[in-house]
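Here's the structure we're looking at; comments come further down.
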Amino acid sequence: MTNTATGIIRALNSGIKHIATKRFTLRYPEEKLKFVGDGYQFDPSTGVGIAGLKGRHMLFHDHCTGCQLCSIACEGVAEAIAMVKVPDQQKQNKKSIMPQIDYGKCVFCGLCVDACPFYALYMTNDYELSSFSKEGLIYTPAQLAVKPYVEQDSEIVITKYGATHG
Amino acid sequence: MTAELPPGLAIQKVDERIMTLNVGPQHPGSGHMRIIVQIDGDYIVACDPDPGYVHRGEEKMAEYRNYITNIPHLERPVIHDSCNALYPYVLGVEELLGIEVPERAQYVRVICSELNRCIYTMYWLAIYGIFLGHSTMFMWPAGDRELLIDLMEKISGARVTHAHFVPGGVRNDLPPNFEEVCLRQVNYFEKRIKEYAAVFYDNPILISRTENTGVLSREDAIRLGTTGSVLRASGVDYDLRLKEPYDVYEELDVHTNVMKEGDSYARSKVPWLDMLESCNIIRQALQKMPKSGSVRVKLKPNPKGKGLDSVYKRVESGRGSLGCHIVSDGKVEPYRLKLSVGSFRNLIALPYLLKGEKLGNMPSVYWSLNYWPVEADR
């Protein structure tokens, strides 16, 4: 019986202590988590990626040659990448085709970034891609070329009163 | 008329005392599966688990994809434990293609695998808590999981479904300054989960509810082919990290946690002890890891196996032994891929454990088997 009593007191005591500890919850729209780097990138010369968040892609028009390797890499995964005609003429891109990504299908695995040998396709820290229509999720090469504006500064801080997002 | 019907359609004789109860598949207490229980008053007479509601055909899908594009879909069955779900596949493909993995990559894999084991177990523990009506035990693990998810996000760039392991190493190196952040958060995580003892594992209400329910004896545990924490909770010291060390596990000091009781309480406590052990392994791996070096072997664009070949690899996942059998016929796609998952093996014990139990104990016995419906259906 004493065991039961002390056990319940211990359990309650452990819960009461949490009144004094800090709140760990991230208040999402006001606070946003900070990520390492500027998104997942890949260095084809060494064959190793650079750590970063796998968010929305970023396409460099002056590097893309229209080789379709990203589209082929996506074929077995999500079929999210389609090659489309672009109006601007690039010297290295004879066929004038560039990837268009459907974020309704993309699983953010980043295998297309690994496939690109010309430093043309990277991923960024932008993960807020919601849209009111299915067409709004399809990003054209022109939309993918825009560098996203992200304001993320919240990190996990561990103090002696517990962990919190500061 | 009844005699002409095929055996499956024949009308069963109904005993007036016995009632058949369908738990699931929409019931929150069963996951994506159905448990058909026959009850006599409050006691379970017979139980028939009915999985298969989330069958996705992962094995067939693997035959149409090459060795690299198989990665994203093979980790889908257990998104919380995705590094461990990929581990046997990646080890198998490496043996098929004859790739030597750099040492640093092996250490990174061990760290990722242990972090994922903790992330999975915390999720499992949160659901176990809410099954028993202990809502504190739902809130705390669900919150503290964030510490480790944040670490995995820093490593791989995704909170779940990391797609981080590839044949030949890992996708990217650890971010700068990672060791320090990892050590700080893992130490705090360990301190936090030790607090669970006071509120959950030493709680007399939990002990009275789970002790001596669903007892699985040592002999039965071996005979039924259970794995992982279920096997260790029944007194069998069997952990693939020790028995068949893969990657750098033989260089690390790994201890297993064994309990003799074999009841729901022991089965719920062993994963928690495993999490404390995982924290030790992560600290050791961070210390012993080479500070620099390559983490990924450069592969040819469409890697192929060398002729007719087959390989079987297994690892210790959050739910037990997770095996992957790959048959290659020299093409870019595997000829056949078979997953042998711990969840399904543990589910086999459920009808034996529930016989004679009270219906109220069903959720705790069922979930203590460390069963993940989506993984079992593949």
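Only one of B:Val215, B:Val248 is farther than 28 Å from B:Val166 by Cα and among the β-branched types (Val, Ile, Thr); which? From the options B:Val215, B:Val248, the qualifying one is B:Val215. The sole residue among A:Ala163, A:Ala145, A:Ala120, A:Ala115 that is surrounded by 14 or more Cβ atoms within 10 Å (Cβ to Cβ), at pLDDT below 85 and touching a Leu at 6+ places or on another chain (Cβ under 7 Å) is A:Ala163. Residues satisfying the criterion are present in region B:130-137 (criterion: within 13 Å of another protein chain (Cβ to nearest Cβ) and more than 26 Å from A:Lys160 (Cα to Cα)). Might you check whether a residue that is of a type outside the set (Val, Ile, Thr), within 15 Å of the chain's Cα centre (by Cα) and closer than 22 Å to B:Ala163 by Cα occurs anywhere in region A:129-142? Yes, region A:129-142 contains a residue that is of a type outside the set (Val, Ile, Thr), within 15 Å of the chain's Cα centre (by Cα) and closer than 22 Å to B:Ala163 by Cα. Residue count for region B:324-343, restricted to those that are of a type outside the set (D, E, K, R) and either under 18 Å from B:Arg232 (Cβ atoms) or out of contact with any helix residue (DSSP H, G or I) (no Cβ under 8 Å at 6 or more places or on another chain) (or both): 8. Does any residue of region B:175-192 turn out to be over 30 Å from B:Leu299 (Cα atoms), aromatic (Phe, Trp, Tyr) and surrounded by 22 or more Cβ atoms within 10 Å (Cβ to Cβ)? Within region B:175-192, one or more residues are over 30 Å from B:Leu299 (Cα atoms), aromatic (Phe, Trp, Tyr) and surrounded by 22 or more Cβ atoms within 10 Å (Cβ to Cβ).
Per-residue answers, yes or no, for (1) under 30 Å from B:Asn302 (Cα atoms); (2) in a helix (DSSP H, G or I):
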{"site": "B:Asn116", "(1), (2)": "yes, yes"}
{"site": "B:Tyr120", "(1), (2)": "no, yes"}
{"site": "B:Tyr128", "(1), (2)": "no, yes"}
{"site": "B:Met139", "(1), (2)": "no, yes"}
{"site": "B:Leu151", "(1), (2)": "no, yes"}
{"site": "B:Val160", "(1), (2)": "yes, no"}
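Can you confirm whether A:Phe118 is on the phi > 0 side of the Ramachandran plot, in contact (Cβ under 8 Å) with a residue 40 or more places away in the chain and either out of contact with any Phe, Trp or Tyr (no Cβ under 6 Å at 6 or more places or on another chain) or of a type outside the set (Asp, Glu) (or both)? So A:Phe118 does not fit the description; no. For B:Glu219, the conditions (1) surrounded by fewer than 19 Cβ atoms within 10 Å (Cβ to Cβ); (2) assigned to a loop (DSSP other than H, G, I, E, B); (3) among the acidic types (Asp, Glu) all hold with the exception of (2). Listed by first and then second residue, the pairs linking a residue in region A:3-23 that is among the hydrophobic types (A, V, I, L, M, F, W, C) to a residue that is assigned to a helix (DSSP H, G or I), with Cβ atoms under 7 Å apart and 6 or more places separating them unless they lie on different chains, are A:Ile8/B:Pro204; A:Ala11/B:Ala198; A:Ala11/B:Val199. Annotation: A:Glu79 fulfils all but one of (1) within 14 Å of another protein chain (Cβ to nearest Cβ); (2) on the phi < 0 side of the Ramachandran plot; (3) in a loop (DSSP other than H, G, I, E, B); the unmet one is (2).
Being touching a residue at least 24 places away in the same chain (Cβ under 8 Å) and surrounded by fewer than 22 Cβ atoms within 10 Å (Cβ to Cβ): is that true of B:Asp42 here? So B:Asp42 fits the description; yes. Filtered by the rule that a residue be in contact with a helix residue (DSSP H, G or I) (Cβ under 6 Å, 6 or more places away or on another chain) and within 30 Å of B:Arg171 (Cβ to Cβ), region A:1-39 gives A:Phe24, A:Val36. Scanning region A:5-50 for residues that are more than 25 Å from A:Ala163 (Cα to Cα), at the interface with another protein chain (Cβ under 7 Å from one of its Cβ atoms) and not in a loop (DSSP other than H, G, I, E, B) turns up A:Gly7, A:Ile8, A:Val48, A:Gly49, A:Ile50. Residues that are within 7 Å of chain A (Cβ to nearest Cβ) and farther than 24 Å from A:Thr25 by Cα were ranked within region B:149-173; the one that is surrounded by the fewest Cβ atoms within 10 Å (Cβ to Cβ) is B:Asp173. So, of the residues in region A:148-160 that are in contact (Cβ under 8 Å) with a residue 40 or more places away in the chain, surrounded by fewer than 18 Cβ atoms within 10 Å (Cβ to Cβ) and in a loop (DSSP other than H, G, I, E, B), which turns out to be farthest from the other protein chains (Cβ to nearest Cβ)? Among residues in region A:148-160 that are in contact (Cβ under 8 Å) with a residue 40 or more places away in the chain, surrounded by fewer than 18 Cβ atoms within 10 Å (Cβ to Cβ) and in a loop (DSSP other than H, G, I, E, B), the one farthest from the other protein chains (Cβ to nearest Cβ) is A:Glu151. If you filter region A:51-62 down to residues that are touching a Ser or Thr at 6+ places or on another chain (Cβ under 9 Å) and more than 9 Å from chain B (Cβ to nearest Cβ), you find that the one that is surrounded by the fewest Cβ atoms within 10 Å (Cβ to Cβ) is A:Met58.
The values are calculated or read from the model by the stated rules, or taken from the named source; none is laboratory data. What you see is a predicted model, and the numbers here were worked out from it, not measured in a lab. Positions of Cβ are backbone-derived with ideal geometry, glycine not excepted, and every protein chain shown enters the neighbour counts.
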